[in-house]
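The values are calculated or read from the model by the stated rules, or taken from the named source; none is laboratory data. Because the structure is predicted, anything quoted here is derived from the model rather than measured. For neighbour counting, all protein chains shown are included, and Cβ atoms are generated from backbone atoms with ideal geometry for every residue, glycine included.
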Amino acid sequence: MEALSDQFQEFHPKHGTNIFLDHSGTQATRVESFANGVCFSKYPLKPGEIFLIEIEEKELGWCGHLRVGLTAKDPSSLEVVPEYSIPDLMELGDSWIFAITRNHNKVIEESEDQAVGEAGLGAGRRLGRGEEEDGVQGDEGGGSNNKTKTFFTDTHLYIDTIRIPKDKLVGRSRPGRFSHILDDLYKTNALPPTARRSRIGVLYVPKGKDTADMHIVINGEDMGASAKGIPSTTPLYAVVDVFAATKCVRIVQVEYGFSSLQTLCRKAIQKHIVHRMAIDWLQLPEALKHYCKYE
């Protein structure tokens, strides 16, 4: 199943007090301090629809990084946006937030008996390492290497029955003489999750009549089910907490179905150039040059 989205993704106008949204509603910047940076998607997500953001700017001197997840709470209904997504928003209930760390936080699956003992599936349960900053999870069965080999040939990322176009899931390096080499390294997942240009997405995958699993995708790689048994009978909004060392994020629009004319032009141009600096020599509108170099 391929999710079909007919809406332009934006951040919700209700957000943390330290957040500034640009005129398009797609870029969120924390203007001061390290907290009060909680943002939401403007619209509820559809099953299998990814809410994808790119880290635009970092800020030194803070401990901690971006946090992402889902909430069943309508942002418009919140009298005050919580200062922190973890634990404040989660303590309000019906929210599942995951802390992104410098290492890929693959989720260790629990046995069925252990999972049921810890939490009922009806309320949903959060998996993973939470706030451990530098712990490393073992990669099960060398899956990362297999995904690296197929990145260049597979056009979609598959999560159960969900298909997500890979075209936008991985960011690009700064334009320069060696951009074409660095971009290939980005596709091999060499970019740390918390670095600038890293792209992180959240979605939910239906797992039954009334439940779903939350998945987080980091630089084109599925991290596994970060929360299981989430009730899917109510609308689910994406949560992005621009926290601590993460200063600014930008929404990346993912195209489902047919590519836009802009995307087709970009692919045709990139196919016939050696590196991105050569785009400056072409007689093209500046907006299209910028899009070709950065997307």
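Annotations for the structure displayed:
- In the stretch 191-208, residue farthest from K247 (Cα to Cα) [restricted to those that are in a loop (DSSP other than H, G, I, E, B) and not basic (K, R)]: G208
- Contact annotation: residue pairs with Cβ atoms under 6 Å, 6 or more positions apart or on different chains, pairing a residue in the stretch 197-217 that is touching a residue at least 60 places away in the same chain (Cβ under 8 Å) and assigned by TED's automatic domain parsing to the domain that holds I100 with a partner that is of a type in the set (S, T, N, Q) and not in a loop (DSSP other than H, G, I, E, B), are M214/S226; I216/S226.
Conditions tested, residue by residue: (1) modelled with pLDDT of 75 or more; (2) β-branched (V, I, T).
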site	(1), (2)
V252	yes, yes
Y256	yes, no
T263	no, yes
D280	yes, no
H290	no, no
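- Filter pass, V205 being out of contact with any helix residue (DSSP H, G or I) (no Cβ under 9 Å at 6 or more places or on another chain) and modelled with pLDDT under 95: no
- Yes/no for D113 being surrounded by fewer than 16 Cβ atoms within 10 Å (Cβ to Cβ), at pLDDT below 95 and of a type in the set (D, E, K, R): yes
- Residue count for the stretch 78-102, restricted to those that are within 15 Å of the chain's Cα centre (by Cα) and either more than 25 Å from N219 (Cβ to Cβ) or among the polar types (S, T, N, Q) (or both): 1
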